[in-house]
Each structure stands twice: as structure tokens, then as C-alpha cells.
């Protein structure tokens, strides 16, 4: 399994010059060496800010003001050649370097050519003591064979490990269903109600609804379909 790096360059300007409709635009590099260098730009809504993605070899650029200046100059050269109203310099230029972060060392996992079928599963297995009791637990997007390299994958793995810890030290506990945990709210009437006005709301409480986790439960992070994931993240 491999571990990749995706950094961002954030450019601040006095005002937008890329047009209201240009939420996302991309750049085609003229050379192989520049591939992955600020290849896609995202406009921050209602702000004069652009966020550019940096991947591959370009994402591993070293620290230091000289490297920052080189990347900024190349990026601004592209913007000026694309947008006539682009200023010469941004107000501020910030670059992230996740591969240099001692707690991260990168951004996301990926399946390399040397990967094995059970790599995600093995990385998620806890370390047990001499009695077979799990003592060290592992979460992270790289421990799920479904939704790796994603934020929701990382979150699901954390919920899986929290459940495993509870089961290990407290035994299997009843869990309130997510849909029933939140009180059901029904609007008595929305006819004629304008924005900003009050409306009558009736709240019905639901209680005494228990169930135990099964092998197919979303909390395990395995055997979960997209609809279940959407409910879990709602």
C-alpha cells in the first residue's frame, strides 16, 4: 500500500478576476516536470481567494522561501496568461506541505501495485496482549477496504474502533438507533408561513428502541452500502 501527498496553494487577492461563473478551472502543463503543479483551481465562494491543488512530484517540493517564490511565480504566470485582469502579485500566498507534517507524513493511502488483498484489513487489526485481549487499536481511512482515502472513511473507522473498545471493556452494549435518537419533528402547517415568521411545531418523542450491532452494521465499517452510509453521515 502506498501513501500519497496532495498539497494546496492558497492565493489571496483584492478582488476576483476569474468571473462569477468560474468556480472551478484546470491547467494543462506544458512539460512533464510541471505535471501536478497547481493543476486545478477552486474559487472560494464570495471571497477573492483561489485554492490550487498540487499533486505527484510537485507536491513534494521542499520548504523555504525560494521554493515558495518559484511556485508562486509559475502559478501567477499561468493566471496572467489566462485572465487579462489578473494582478501581477497576490496579496498573500500560502502552501501546505502535509508530507512534512510529523503527525501525518502525507495525505491519503492508495492501492499500489505491490498491495495485497487484505492490506486494509490487516492494518485495522488491534494488537492484543498475551491473553488475547485487544490493547492497541487502529483507525484511519487506510484501515477500510471501502471508502479509503476519504474523510468519511476515516470517520467510519473511528466509530468502528470506538465500538470495538466498548465491546472489549464493557461487553456488547445496546445502541439507540440513529433515526430514533433524534426526536421526530412534524410541522402542523406550513401554508402561508413566510420566511422569518414563527410556525407551530409539534414534537413527538420516541423511546425504548434498542438494537445490537450485527456484522452488517454500518458501525463496523464493513458490508455497508451507500444508502446506509448516507444515513449514518446525515
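Listed here are the residues, each with its yes/no results for (1) farther than 27 Å from residue 14 by Cβ; (2) part of a loop (DSSP other than H, G, I, E, B); (3) touching a strand residue (DSSP E or B) at 6+ places or on another chain (Cβ under 7 Å).
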| position | (1), (2), (3) |
| --- | --- |
| 54 | no, no, yes |
| 90 | no, yes, yes |
| 99 | yes, no, no |
| 102 | yes, yes, no |
| 113 | yes, yes, no |
| 130 | yes, yes, no |
State all residues of region 1-24 that are more than 22 Å from residue 108 (Cα to Cα), touching a residue at least 40 places away in the same chain (Cβ under 8 Å) and buried (at least 16 other Cβ atoms within 10 Å of the Cβ); if no residue qualifies, say none.
-> 11, 13, 17, 18
Sole residue being farther than 25 Å from residue 108 by Cα and outside any helix (DSSP H, G or I), chosen from 172, 168 | 172
Across (1) touching a helix residue (DSSP H, G or I) at 6+ places or on another chain (Cβ under 9 Å); (2) part of a strand (DSSP E or B), residue 34 clears everything bar (2)
Selection from region 10-31 of residues in a loop (DSSP other than H, G, I, E, B) and within 15 Å of residue 78 (Cβ to Cβ) yields 13, 17, 18, 22, 27, 28, 29, 30, 31
List every residue pair whose Cβ atoms sit under 7 Å apart, with the two residues 6 or more apart in sequence or on different chains, where the first one lies in region 67-81 and is over 16 Å from residue 40 (Cβ atoms) and the second, anywhere, is modelled with pLDDT under 90.
-> 67/61
Hey, among 162, 166, 154, which residue is under 14 Å from the mean Cα position of the chain (by Cα) and either within 30 Å of residue 10 (Cα to Cα) or at pLDDT 90 or above (or both)?
-> 154
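The values are calculated or read from the model by the stated rules, or taken from the named source; none is laboratory data. Please read all numbers here as calculations on a predicted model, not as lab measurements. Virtual Cβ from ideal backbone geometry, glycine too; neighbours counted across all protein chains shown.
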